[in-house]
Amino acid sequence: MKIFADTANVEDIKQINELGIIDGVTTNPTLVAREGKDWESVEKQICEIVDGPVSAEVTASEAPAMVEQARVLSKWADNIVVKIPMTAEGLKAVKVLSQEGIKTNVTLVFSAMQGLLAAKAGATYVSPFLGRLDDIGADGVELVQKLRQIFDNYGYRTEIIAASIRNYQHVEQVALAGCDIATIPAKILVKLWKHPLTDQGLVAFEKDWAEFERLQK
Ligand code: G3P
């Protein structure tokens, strides 16, 4: 499974990227606004740091304006993917953009049928929002399972990005479901590699080795 960083924080992205396990980045208007910096320069910096797709989201709501904006965003860097909201206007825009060869990530997907329509329109990626479904008592992981089966049934090459990831279990469950990508906030990514037993085990190894070396002298 590919792992994307779900953040627009350039410093976090630099640090995470050094691990060598990041395949891309997703941003959205909320994440960019949180940084309080110029949008275009933030996206361009991220595109230089990360060798993989970087999603930047349109802010227009009508299809013609989305398409115009997407054409501009796609020129910011070779690895920009244009995020389009899952609306009727968004579907129209995705159809046009896919015919132009501009990669799209259909975002704010909360049902299997939304995902199917996005794939039919030619989306490169669809982003089901797990945490926000769980917040209303629905099952985000189940949506990923359904999308996996539907895309496999009909051979859609659209990749599924599990988004709105809130915890370790979300990542593990979507990996088991055969999800293509999980986009993960920096604070959750840390939890994927940290384990108290690893830390305890290392302390014991270091202590035993120091004792062994002392006895050798
Ligand atoms: O990738 C989507 C993500 O940024 C939204 O996450 O936690 O605001 O639902 P959240």
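Can you tell me which residue is nearest to residue 183 (Cα to Cα) among those in the stretch 87-120 that are among the β-branched types (Val, Ile, Thr) and out of contact with any strand residue (DSSP E or B) (no Cβ under 7 Å at 6 or more places or on another chain)? Applying the filter and picking the extreme gives 87. Residue check: residue 84 meets all listed conditions (1) touching an Asp or Glu at 6+ places or on another chain (Cβ under 8 Å); (2) open to solvent by 60 Å² or more (accessible area, probe 1.4 Å); (3) closer than 20 Å to residue 127 by Cα but one, namely (2).
Residue check: is residue 210 under 28 Å from the mean Cα position of the chain (by Cα) and small (Gly, Ala, Ser)? Answer is no for this residue.
In this structure, does residue 8 turn out to be in a loop (DSSP other than H, G, I, E, B), surrounded by 17 or more Cβ atoms within 10 Å (Cβ to Cβ), in contact (Cβ under 8 Å) with a residue 24 or more places away in the chain and not hydroxyl-bearing (Ser, Thr, Tyr)?
Criteria met by residue 8.
Looking at 144, 94, 67, just one residue is closer than 20 Å to residue 188 by Cα and surrounded by 15 or more Cβ atoms within 10 Å (Cβ to Cβ), and that residue is 144. Being surrounded by 12 or more Cβ atoms within 10 Å (Cβ to Cβ) and touching an Asp or Glu at 6+ places or on another chain (Cβ under 6 Å) is true of residue 184. Pairs meeting the criteria (first residue in the stretch 83-108 and at negative phi, second residue within 16 Å of the ligand (Cβ to nearest atom) and among the aromatic types (Phe, Trp, Tyr), beta carbons under 9 Å, at least 6 apart or on different chains) are 83/125; 86/110; 103/125; 104/125; 105/125; 106/125; 107/125; 107/129. Evaluate the following for residue 119: is it touching a Phe, Trp or Tyr at 6+ places or on another chain (Cβ under 7 Å), among the small types (Gly, Ala, Ser) and closer than 17 Å to residue 98 by Cα? Taking the combined requirement at face value, the residue satisfies it. When the stretch 99-141 is limited to residues that are over 19 Å from the mean Cα position of the chain (by Cα) and closer than 16 Å to residue 70 by Cβ, the one that is most open to solvent (accessible area, probe 1.4 Å) turns out to be 99. Residues considered: 89, 100. Of these, the only one that is more than 15 Å from the ligand (Cβ to nearest atom), more than 24 Å from residue 47 (Cα to Cα) and of a type in the set (Asp, Glu) is 89.
The values are calculated or read from the model by the stated rules, or taken from the named source; none is laboratory data. Everything numeric here is computed off the predicted structure, so don't read it as measured data. As a convention, Cβ positions derive from the backbone with ideal geometry for all residues, glycine included, and neighbour counts pool all protein chains shown. Each accessible area value is taken on the protein alone, full model and side chains, heavy atoms only, with ligands, DNA and RNA left out. Shrake-Rupley method; radii C 1.70, N 1.55, O 1.52, S 1.80 Å.
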